[in-house]
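*Asks:* Handing you this structure, nothing more for now.
The values are calculated or read from the model by the stated rules, or taken from the named source; none is laboratory data. What you are looking at is a predicted structure, and each value in this text was computed from that prediction instead of being measured. Here the Cβ positions follow ideal geometry from the backbone for every residue, glycine too, while neighbour counts run over all protein chains shown.
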């Protein structure tokens, strides 16, 4: 069995110790390094190229959101799972826009952490139930009718974008070119009035394209 390599970034020692203790109970997962601030996290990710980063939002130095943005400039493949006690809508939206793959609130249970890790590694997006409901009921009114009028291809791309797939992954999954994916995504944004991936994800949750 391939071992999933994890970097854990959180400035609180007790939190790191607790998460490490939990991860060590999961077969096939290993924490390779712990980081106490944003600078350490960026350096460790560049050096070790892990499979997953467990990333706090509020850290000394660059915040978790700034770390995620930096990672995405040089690494589109490492999965970023935020572990945070912050559940404010604007923070969640900033994190999603920065390119994270999942957002797990720190009051999670063991089964939720395992589910989150499995989903992001499988190319899907994980959101804690509270976060998912918050996004579902926030945004533009009257979107259901628009969702019903999307083409089959637009619906496919919407579902994959909201699940956290990159442009290259969507192109591969659908057997089309990345430029075609970008064209359809642009038309989709125009049609539903979204400006970024966060807006597409919220729309997909509101209309039931993803749950």
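*Asks:* Looking only at segment 75-92, filter to residues that are crowded, with 18+ Cβ neighbours inside 10 Å and more than 19 Å from residue 8 (Cβ to Cβ); which one of those is farthest from the chain's Cα centre (by Cα)?
*Replies:* Across segment 75-92, the extreme among qualifying residues is 91.
*Asks:* Filter segment 109-120 for residues that are out of contact with any strand residue (DSSP E or B) (no Cβ under 6 Å at 6 or more places or on another chain) and in contact (Cβ under 8 Å) with a residue 24 or more places away in the chain; which is surrounded by the most Cβ atoms within 10 Å (Cβ to Cβ)?
*Replies:* Within segment 109-120, the first condition is being out of contact with any strand residue (DSSP E or B) (no Cβ under 6 Å at 6 or more places or on another chain), and the residues that meet it are 109-115, 117-118.
Now drop any that are not in contact (Cβ under 8 Å) with a residue 24 or more places away in the chain, which leaves 110, 113-114, 117.
Working: 110: 11, 113: 21, 114: 17, 117: 24.
Going through the qualifying residues, I end up with 117.
*Asks:* Restricting the search to segment 1-11, which residues are closer than 20 Å to residue 86 by Cβ and assigned to a loop (DSSP other than H, G, I, E, B)?
*Replies:* The answer is 10, 11.
*Asks:* Another one. State whether one or more residues within segment 116-123 are more than 18 Å from residue 169 (Cβ to Cβ), in contact with a helix residue (DSSP H, G or I) (Cβ under 6 Å, 6 or more places away or on another chain) and at pLDDT below 95.
*Replies:* There is no residue in segment 116-123 that is more than 18 Å from residue 169 (Cβ to Cβ), in contact with a helix residue (DSSP H, G or I) (Cβ under 6 Å, 6 or more places away or on another chain) and at pLDDT below 95.
*Asks:* Further question: Looking only at segment 12-57, count every residue that is part of a loop (DSSP other than H, G, I, E, B), free of Cβ contacts under 8 Å to residues at least 40 places away in the same chain and touching a helix residue (DSSP H, G or I) at 6+ places or on another chain (Cβ under 7 Å) and tell me the total.
*Replies:* Number satisfying all stated conditions: 1.
*Asks:* Another question, then. Quick check on my filter: what residues within segment 171-181 are assigned to a helix (DSSP H, G or I) and surrounded by 14 or more Cβ atoms within 10 Å (Cβ to Cβ)?
*Replies:* Correct list: 171, 173, 174, 178, 180, 181.
*Asks:* Out of 9, 95, 44, I need the residue that is crowded, with 19+ Cβ neighbours inside 10 Å, at pLDDT below 95, on the phi < 0 side of the Ramachandran plot and touching a strand residue (DSSP E or B) at 6+ places or on another chain (Cβ under 7 Å). Which one?
*Replies:* The match here is 95.
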